[in-house]
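What follows is a single structure, written as structure tokens, with notes after it.
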């Protein structure tokens, strides 16, 4: 057996030390890689949360200096306004009770009445499908003089069209309780959830519950007003709300 010399021991120690250094270096590189991946994941999660918010704000700002009538398509993209005899004034059904509305979307009818639920709050002007109040709550808003812009899935799936709806809703936003801002933009959901579809080729609808004229108190004079549009039209909405202002409703003084 060969005798281990002092020189061999020194060489072996140097090799072991070199291996330890390489291992430490590899460990450091692995730790840096793990930290780097974690940072990238964190940045990605943060970006996923922030980017849509920033985009929404930028998209909304581009309409800041645009008049309501200049948002979206011209008024000619909408059909003529139609009316239908209304019922349901002061017909409050228990919260949670479904109401079968005969029009798509509704402009009048029985509805819920519960503080904080129905009617929907004045300050909220735009709803997505996930957050929209039930129809029975929104019909109470109609009784109070709101105009509702309903948009279908075709608009919801079109980012440009949806931005136009949001921009319109922003024109009625603010901290004041100006009754003239009684407006809500809300999605018309699938047939299974809300009922019938809009007429063929129409993707937006305006509805209003009219008292039959300012100051009219005879419920028999009440009508629901409807207008369908093939595209988002701020011009048509402006004309519709001039014809059917908030004070032409069964309960114009209520929020």
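Using the structure shown, decide if residue 169 is in a helix (DSSP H, G or I), without any contact (Cβ under 8 Å) to a residue 40 or more places away in the chain and touching a strand residue (DSSP E or B) at 6+ places or on another chain (Cβ under 8 Å).
Numbers: in a helix (DSSP H, G or I): yes; without any contact (Cβ under 8 Å) to a residue 40 or more places away in the chain: no; touching a strand residue (DSSP E or B) at 6+ places or on another chain (Cβ under 8 Å): yes.
So residue 169 does not fit the description; no.
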The one condition in (1) modelled with pLDDT of 95 or more; (2) closer than 25 Å to residue 230 by Cβ that residue 89 fails to fulfil: (2)
Test residue 174 against the stated conditions and say whether it is out of contact with any strand residue (DSSP E or B) (no Cβ under 6 Å at 6 or more places or on another chain), at positive phi and in contact (Cβ under 8 Å) with a residue 24 or more places away in the chain. no
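Out of 135, 142, which single residue is crowded, with 17+ Cβ neighbours inside 10 Å, out of contact with any strand residue (DSSP E or B) (no Cβ under 8 Å at 6 or more places or on another chain), more than 24 Å from residue 63 (Cα to Cα) and modelled with pLDDT of 95 or more?
Values: 142 fails: out of contact with any strand residue (DSSP E or B) (no Cβ under 8 Å at 6 or more places or on another chain).
Selected residue: 135, the only one of 135, 142 that is crowded, with 17+ Cβ neighbours inside 10 Å, out of contact with any strand residue (DSSP E or B) (no Cβ under 8 Å at 6 or more places or on another chain), more than 24 Å from residue 63 (Cα to Cα) and modelled with pLDDT of 95 or more.
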Looking only at region 204-224, how many residues end up being surrounded by fewer than 22 Cβ atoms within 10 Å (Cβ to Cβ), in contact with a helix residue (DSSP H, G or I) (Cβ under 8 Å, 6 or more places away or on another chain) and more than 17 Å from residue 253 (Cα to Cα)? 0
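Out of 198, 206, 240, 226, which single residue is within 20 Å of residue 109 (Cβ to Cβ), touching a strand residue (DSSP E or B) at 6+ places or on another chain (Cβ under 9 Å) and in a helix (DSSP H, G or I)? Can you show your working first?
Working: 198 fails: in a helix (DSSP H, G or I); 206 fails: in a helix (DSSP H, G or I); 226 fails: in a helix (DSSP H, G or I).
Answer to the check: 240.
For residue 110, indicate whether it is under 11 Å from residue 188 (Cα atoms), in the same structural domain as residue 221 (by TED's automatic domain parsing) and either in contact with a helix residue (DSSP H, G or I) (Cβ under 8 Å, 6 or more places away or on another chain) or surrounded by 20 or more Cβ atoms within 10 Å (Cβ to Cβ) (or both). Even if it seems obvious, please write down each step before you answer.
On the way: under 11 Å from residue 188 (Cα atoms): no; in the same structural domain as residue 221 (by TED's automatic domain parsing): yes; either in contact with a helix residue (DSSP H, G or I) (Cβ under 8 Å, 6 or more places away or on another chain) or surrounded by 20 or more Cβ atoms within 10 Å (Cβ to Cβ) (or both): yes.
So residue 110 does not fit the description; no.
Is it the case that residue 123 is touching a helix residue (DSSP H, G or I) at 6+ places or on another chain (Cβ under 7 Å) and part of a loop (DSSP other than H, G, I, E, B)? Explain how you work it out, then say what you get.
Values: touching a helix residue (DSSP H, G or I) at 6+ places or on another chain (Cβ under 7 Å): no; part of a loop (DSSP other than H, G, I, E, B): yes.
Here the answer is no, as residue 123 does not meet what is asked.
The values are calculated or read from the model by the stated rules, or taken from the named source; none is laboratory data. Predicted, not measured: the structure shown is a model, and the values here were computed from it. Cβ coordinates were reconstructed from backbone atoms using ideal geometry, including for glycine residues, and neighbour counts include every protein chain displayed.
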